[in-house]
Every structure is written in C-alpha cells, then in structure tokens.
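Undergrad: Below are the structure tokens for one structure; questions will follow.
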Amino acid sequence: EPEVTQTPSHQVTQMGQEVILRCVPISNHLYFYWYRQILGQKVEFLVSFYNNEISEKSEIFDDQFSVERPDGSNFTLKIRSTKLEDSAMYFCASSGYGLGQFFGPGTRLTVL
Amino acid sequence: DAKTTQPTSMDCAEGRAANLPCNHSTISGNEYVYWYRQIHSQGPQYIIHGLKNNETNEMASLIITEDRKSSTLILPHATLRDTAVYYCIDLVFGNEKLTFGTGTRLTIIP
C-alpha cells in the first residue's frame, strides 16, 4: 500500500541553524501539507501546497519557514533559523482530489 | 478552533463494537464529515468520510443522522491497536487544512 515517507526520523540542531525536513508524498497525489505537533499538544496546520505554490498557510508559518517541491517526488520544509520553540514533531501529508489526507510518520525536531 | 464536539474519553472491550459519537451543530450543507485518528506518537490516520449517506470501508462504518447534526464512527470489532485519539472534522473539501480539536481518547480494554 502506498505511503508517505519522511526523513530524517529525528533531527537535532542548534538554535539558529537551518534545517530541511524531507517528505516523499504518495506518487499520484496533488495536494501536500505540513503540520506540526508540540509535545502534549494538538496537531497544528502549517501550510498546504498545490500546483507548485502555497495555497494556504497558518500564522505559525512565518518568514522563517519555506516549502519546496524541488522535483517530481520530494516535498521539503525548511526552517531558516531555528528557535527553541520550533522543537516539535513535524508531519507531512498528501492527498488526492477531495479525498482524505495521508500522513507520514513524522520527523522529531529537537532544537538545543 | 474545531467546530465539532466529542466526548473526552471512552473505553471499549476488545472484540466489541466501539461507537464514537460526534456533534456537528454548525455543519453546513456542503460540508463533509471526516474522521481521523492518532495512535500515540504516530501521524494522524484518515479513517472515513461521508456527506449524507452511511458509509463503510475496511476500517470502519460511519452513520450520519438525517439532520446531519451528529455522526457515529463504528469500529465493528475493536482490537488493542485501535487505542487512539479519534477526531471528527467538518470540511467542505477534503483538501482543506485540518483543524484538530481535542478528540475522543478511545481505550480498548483486553
């Protein structure tokens, strides 16, 4: 069964460093998303991406964040200068038209 | 904020049917009812969705009342692996952002 994959599973970085989180969505999906979950809190929407552009973003998704689909398979989330409060689990998801969103296993980001 | 309301927690015996209710007091005519779950530390998992009619797939059944103000997700033969937090979400379009509320924490008892 097709699934969304994410790498790395765990990323540890120093405050102020840039990180890139990678995702491979399900191959025939057209809509892509990033969510995050701070430990013990709800899953929060960050950004959605369709047709090579951002379709919606939340207040969390400020200028420090960016997304890219550099080729036909990868979807990345970049955080330019990480802060302590960026420590969270980051989930990538993808969906076909009008269908449910399928989530990856997540990347645990720890900012020291 | 989430627009639906759900009980905070429920228990169900292993092998029995788990019935999870959801109230959709502000659902509009063009909104679908979606159900997701999150097993501890994993990514949320899509379960099922429907508009008016009852739906069934390999994971669950979804019952939607005629006025669409409430729905019930049914896991017909619950297993320990069904222990998770379950979320009902109203969406016009499945590709909209998901807003997760507090959900129902379902615990399957051996």
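Read the figures in this text as sums done on the coordinates, not as results from a lab. Everything numeric here is computed off the predicted structure, so don't read it as measured data. Neighbour counts are summed over all protein chains in view; Cβ atoms, including those assigned to glycine, are modelled from backbone coordinates with ideal geometry.
Undergrad: I'd like the Karplus ³J(HN,Hα) series for the stretch B:7-23: coefficients 6.51, -1.76, 1.60, θ = phi - 60°, whole numbers in Hz, and an x wherever there's a Gly or Pro.
TA: x, 5, 8, 8, 10, 8, 6, 4, x, 8, 7, 9, 10, 10, x, 8, 9
Undergrad: Another question about this same structure. Which links in A:Lys57/B:Lys69; A:Lys83/B:Lys69; A:Lys78/B:Lys52 stretch past 32 Å when you go from one Cα to the other?
TA: A:Lys83/B:Lys69; A:Lys78/B:Lys52
Undergrad: Further question: Using +1 at the Cβ of each Lys and Arg and -1 at the Cβ of each Asp and Glu in the protein assembly as shown, identify which of A:Ser66, B:Ala18, A:Asn28 lies farthest towards the dipole's positive end.
TA: So the residue we want is B:Ala18.
Undergrad: To continue, here is another question. With N residues in the stretch A:56-109, what two-decimal value do you get for its Cα radius of gyration over 2.2 N^0.38 Å?
TA: Cα-based Rg divided by the globular estimate yields 1.25.
Undergrad: If N is the number of residues in chain B, what value comes out of its Cα radius of gyration divided by 2.2 N^0.38 Å?
TA: Working it through for chain B, the quotient is 0.99.
Undergrad: Also, quick follow-up: Counting only other chains, what is the mean number of Cβ atoms within 10 angstrom of the Cβ of each residue in peptide A:90-100?
TA: What the average comes to for A:90-100 is 4.
Undergrad: Same structure, new question: What shape does the stretch B:64-109 have by the C-alpha gyration tensor, where a ≥ b ≥ c are the square roots of the eigenvalues, rounded means a/c under 1.5, and otherwise prolate means a/b greater than b/c and oblate the rest?
TA: oblate
Undergrad: Just in the stretch B:45-110: which chymotrypsin sites (Phe, Trp or Tyr not before Pro) are loop by DSSP and have at most 12 other Cβ atoms within 10 Å?
TA: B:Phe93
Undergrad: How large is the convex hull of the Cα atoms of the protein assembly as shown per residue, expressed in Å³ as a whole number?
TA: Convex hull of Cα atoms, per residue: 124 Å³.
Undergrad: Kirkwood hydrodynamic radius for chain A: how many Å is it when counted over pairs of different Cα atoms?
TA: Here the Kirkwood hydrodynamic radius works out to 14.0 Å.
Undergrad: Among B:Thr72, A:Ser94, A:Gly40, flag the residue with its Cα farthest along the positive direction of the charge dipole of the protein assembly as shown, charges on Cβ as +1 for Lys/Arg and -1 for Asp/Glu.
TA: Highest projection toward the positive end goes to A:Gly40.
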